[in-house]
Amino acid sequence: MSHGAQARPATAHSSEALGGTVRIPGDKSISHRSLMLGGLACGETRITGLLEGEDVLATGRAMRAMGARMRKDGGEWIVNGTGNGCLLAPESELDFGNAGTGVRLTMGLVGVYDFESTFVGDASLSSRPMGRVLDPLRQMGVQVRAAAGDRLPVTLHGPRIASPITYRVPVASAQIKSAVLLAGLNTPGIVTVIEPVMTRDHTEKMLAGFGAELEVETDPEGVRAIRLQGQGTLRGCMIDVPGDPSSTAFPLVAALIVPGSEVAIENVLMNPTRTGLIQTLLDMGADIEIRNPRSAGGEDVADLFVRASDLKGIRVPPERAPFMIDEYPVLAVAAAFAEGRTVMEGIGELRVKESDRLAAVAAGLKINGVTCEEGEDWLTVDGVPGGRGLGASSPSAMVATHLDHRIAMAFTVMGFASEKPVTIDDASMIATSFPEYIDLMTGLGAVLEVTDRAA
């Protein structure tokens with residue numbers, strides 16, 4: 001949703017048992033990287049299953065603005081890249097809308113080029129800190145002009161020759177790691193990223209698939225050293241994007257908490273760095289059957305069969321957070337229907353997402369009758385099995401989404417199982433990551449009303 005567009009409130013109502021088979025749209029993380037590396041590589045890259053949400057399309061527009069050619073042919077995207085080191089200076093600002101992953105990774109990719117590039121976004125993205133990506137770029141010789149607090153708009157101008165660095169990521173963040181590695185593609189010598197805690201590894205896998213010289217070593221303590229030889233040749237390839245586990249989370253949790261539900265979810269990415277939510281729900285007693293595990297394009301994929309379950313509150317291991325950071329909002333909703341208390345720790349990263357997700361989740365739960373407590377990097381939720389009494393106390397009690405698609409979807413899921421309706425102030429931004437969400441959920445039997453009146 002672009003800033004200033006009319007809000008579209010939505011109300012989710014208690015639903016009958018959900019049922020059916022759905023196929024989840026392509027993974028957002030892999031889709032972003034497919035367009036970036038395809039747009040940079042020599043030759044042709046063909047992508048099937050690309051997520052065509054607003055965030056990913058913003059990345060595509062940015063790559064086009066720097067010389068890549070892209071077209072859609074039926075269900076396939078065909079990308080002709082510029083060749084590594086041959087991006088062109090954009091003639092105007094690169095507008096990423098709400099796409100945090102897109103803007104941070106593209107800053108890394110483009111920042112080391114000896115030309116000027118300016119990055120802008122919507123109100124939500126412009127409020128988010130970019131310093132953790134800009135700091136290593138500064139070390140590589142990039143000149144940075146940014147709004148207060150290293151926020152957008154950001155203008156970068158790379159040096160004539162970028163400096164290869166060894167960079168230890170200060171927090172578990174795939175975005176920081178990826179931005180540095182992508183900057184290394186146009187840097188002479190070897191760029192090394194030290195990662196104390198492993199995060200999603202799509203960038204490393206995809207760089208190798210495009211032919212980059214890259215090696216990964218893991219020491220006995222689990223610290224990973226990722227070394228990339230810069231200024232190599234990338235070659236176009238075939239990519240089949242598996243279903244996004246972060247999008248899967250919403251029909252998955254809905255099927256678990258709406259009584260009597262049985263839902264099959266096909267083509268889900270099962271990369272071990274992305275399955276934290278599934279493991280956590282299994283720990284809570286969820287009935288999730290993993291069927292037909294297979295490999296597709298170097299990634300693990302499977303189908304899930306989910307049945308409504310009586311969940312139990314647990315302590316979620318804080319070391320699991322990097323493998324499910326985007327799924328905590330909907331996990332908190334699942335916890336609201338579990339027996340007992342669920343404790344989530346080590347989740348301070350939620351405060352620098354599309355919104356302060358930790359505060360937004362806690363506020364939304366409280367509006368809908370859930371007892372919860374929020375700390376600097378933790379959240380506790382006391383569940384109400386069956387959702388008795390949960391939901392808005394009045395029609396005017398709306399969940400503030402703060403232009404955050406995951407907050408919006410999480411609280412619609414809550415409404416499908418709570419006794420009273422749950423209303424969110426705006427459903428527009430759901431299209432940034434999951435344009436099919438409303439049709440997919442109503443197709444399973446969920447009751448969701450969206451209006452076009454101003455909130």
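Restricting segment 134-167 to residues that are β-branched (Val, Ile, Thr) and in a strand (DSSP E or B) leaves a set whose member that is most open to solvent (accessible area, probe 1.4 Å) is Thr166.
Scanning segment 314-330 for residues that are buried (at least 21 other Cβ atoms within 10 Å of the Cβ) and in contact with a strand residue (DSSP E or B) (Cβ under 7 Å, 6 or more places away or on another chain) yields a count of 2.
Filter segment 398-455 down to residues that are open to solvent by 50 Å² or more (accessible area, probe 1.4 Å) and small (Gly, Ala, Ser) and give me whichever is nearest to Asp356 (Cα to Cα). Here the answer is Ala455. Within segment 296-321, residues that are within 19 Å of Gly383 (Cβ to Cβ) sit with their Cβ atoms under 6 Å from residues that are open to solvent by 40 Å² or more (accessible area, probe 1.4 Å) and not in a loop (DSSP other than H, G, I, E, B), at 6+ positions apart or across chains, in these pairs: Arg307/Glu262; Arg307/Asp287; Ser309/Asp287; Lys312/Glu339; Gly313/Arg341; Ile314/Asp283. Annotation: of all residues in segment 290-299 being open to solvent by 70 Å² or more (accessible area, probe 1.4 Å) and part of a strand (DSSP E or B), the one that is modelled with the lowest pLDDT is Ser295. In segment 115-133, the condition of being at pLDDT below 95, touching a Lys or Arg at 6+ places or on another chain (Cβ under 8 Å) and surrounded by 17 or more Cβ atoms within 10 Å (Cβ to Cβ) is met by at least one residue. Candidates are the residues of segment 168-186 that are under 22 Å from the mean Cα position of the chain (by Cα) and of a type in the set (S, T, N, Q); the one that is most open to solvent (accessible area, probe 1.4 Å) is Gln175. Looking only at segment 276-287, count how many residues are outside any helix (DSSP H, G or I) and either surrounded by 21 or more Cβ atoms within 10 Å (Cβ to Cβ) or among the charged types (D, E, K, R) (or both). Count: 3.
Checked against the criterion of being in contact with an Asp or Glu (Cβ under 9 Å, 6 or more places away or on another chain) and free of Cβ contacts under 8 Å to residues at least 24 places away in the same chain, segment 145-166 has at least one qualifying residue. Screening the candidates Ile47, Ile78 for the property of being assigned to a strand (DSSP E or B), touching a residue at least 12 places away in the same chain (Cβ under 8 Å) and surrounded by fewer than 19 Cβ atoms within 10 Å (Cβ to Cβ) yields one hit, Ile78. Scanning segment 50-71 for residues that are open to solvent by 10 Å² or more (accessible area, probe 1.4 Å), part of a loop (DSSP other than H, G, I, E, B) and among the aliphatic types (A, V, I, L, M) yields one hit, Leu50.
In segment 350-376, the qualifying residues are those that are charged (D, E, K, R) and either under 16 Å from Ile424 (Cβ atoms) or within 19 Å of the chain's Cα centre (by Cα) (or both), and the one that is least open to solvent (accessible area, probe 1.4 Å) is Arg357. Those strands (runs of 3 or more DSSP E) of segment 197-275 in which at least 3 residues are in contact (Cβ under 8 Å) with a residue 12 or more places away in the chain and either closer than 25 Å to Thr187 by Cβ or among the basic types (Lys, Arg) (or both), considering only elements entirely within it, cover 214-218, 224-229.
Being touching a Gly at 6+ places or on another chain (Cβ under 6 Å) and aromatic (Phe, Trp, Tyr) is the filter; apply it to segment 95-128 and report the residue that is nearest to Met66 (Cα to Cα). Checking each candidate, the answer is Tyr113.
The values are calculated or read from the model by the stated rules, or taken from the named source; none is laboratory data. Note that the coordinates shown come from a computational prediction; the quantities given were computed from them, not determined experimentally. Cβ coordinates were reconstructed from backbone atoms using ideal geometry, including for glycine residues, and neighbour counts include every protein chain displayed. What goes into the accessible areas is simple: the full protein's heavy atoms, side chains included, and nothing from ligands, DNA or RNA. Shrake-Rupley method; radii C 1.70, N 1.55, O 1.52, S 1.80 Å.
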